[in-house]
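Trainee: Let me give you the structure first, and then I'll get to my questions.
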Amino acid sequence: MSSDAHTKLAKLRRDYEAAKAQIQALGYVIPGTLQKRQYRCGKPNCRCATQNILHGPYYQWTRKVSGKTVNLNLNEQSAPKVKEWIKNRQRLRKLCRRLEYTSLALLQIVTRMEKT
Ligand SMILES: [Zn+2]
């Protein structure tokens, strides 16, 4: 095996282990999206109309359960948590793609080596 292939293999193994370590350090993971809502109620004498002080904010977590959209209203305390856990899911997916990518690249190098 060439030293170039050795270097590539070592780098891929490092990348793989780094992604794995990041997955291990990841917090909770949930699906869905979080929406923050503020609105005007439409009553002409309400302060939302007269002073431009909107109602809310209200937080709504939306996700699919067996193909159906499910909404859950959240309070201001749990909203940041949900936001973080949704973000963790995106991070996890990205890290999984990295594991696949580095595994495939490793396999290509190894199979090329075995052919020669
Ligand atoms: Zn209002």
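The numbers here are math on the coordinates, done by the rules we state, and not lab data. Everything numeric here is computed off the predicted structure, so don't read it as measured data. Cβ coordinates were reconstructed from backbone atoms using ideal geometry, including for glycine residues, and neighbour counts include every protein chain displayed.
Trainee: What 222 nm value per residue comes from the helices of the chain, counting each DSSP H run with n ≥ 4 as -39,500 (n - 2.57) and dividing by all residues, nearest 500 deg cm²/dmol?
Mentor: Dividing the helical sum by the residues of the chain leaves -19000 deg cm²/dmol.
Trainee: Further question on the same structure: Pulled fully out, how much extra length does the chain show between residue 71 and residue 7, if you take 0.36 nm times their separation in residues and subtract their Cα-Cα distance?
Mentor: Full-extension gain reported as 18.0 nm.
Trainee: By how many degrees, 0 to 90 and rounded to 10, does the Cα axis of helix 3-25 deviate from the longest principal axis of the chain?
Mentor: Roughly 30 degrees between the two axes.
Trainee: Exposure proxy check: 61, 85 ranked by fewest other beta carbons within 10 Å?
Mentor: On the way: 61 21, 85 18.
Least crowded to most crowded, the residues run 85, 61.
Trainee: Residues with amide H under 5 Å of residue 29's amide H, sequence separation 5 or more or different chain, H placed in the peptide plane at 1.01 Å from N; which?
Mentor: So residue 29 has HN proximity to no qualifying residue.
Trainee: Residue by residue through the stretch 90-102, what is 3J(HN,Hα) from phi via Karplus (6.51 cos²θ - 1.76 cosθ + 1.60, θ = phi - 60°)? Round to whole Hz and write x for glycine and proline.
Mentor: 5, 4, 4, 4, 5, 5, 5, 4, 5, 4, 5, 4, 5
Trainee: Please pull out the direction-averaged projected area of the chain, using the convex hull of its alpha-carbon atoms, in nm² to one decimal place. Display every interim value, and only then the final one.
Mentor: Numbers: hull surface 47.4 nm².
Averaged projected area of the chain's Cα convex hull equals 11.9 nm².
Trainee: Pull up all non-local amide H partners of residue 74: gap of 5 or more, or a different chain, and H-to-H distance under 5 Å with H placed in the peptide plane.
Mentor: For residue 74, whose amide H was placed from the backbone, the distant partners under 5 Å are 59, 60, 61.
Trainee: So, one more: Strictly over 27 Å apart at the Cα level, which of 8/87; 36/94; 20/68; 94/115; 43/83 would you flag in this model?
Mentor: Working: 8/87 31 Å; 36/94 25 Å; 20/68 33 Å; 94/115 32 Å; 43/83 32 Å.
Pairs exceeding 27 Å: 8/87; 20/68; 94/115; 43/83.
Trainee: Could you give the length gained on full extension between residue 33 and residue 108, defined as 0.36 nm per residue of separation minus the Cα-Cα distance, in nm? Don't jump to the answer; show the numbers that get you there.
Mentor: Details: separation 75, 0.36 × 75 = 27.00 nm, distance 3.73 nm.
That pair, residue 33 and residue 108, stretches by 23.3 nm at full extension.
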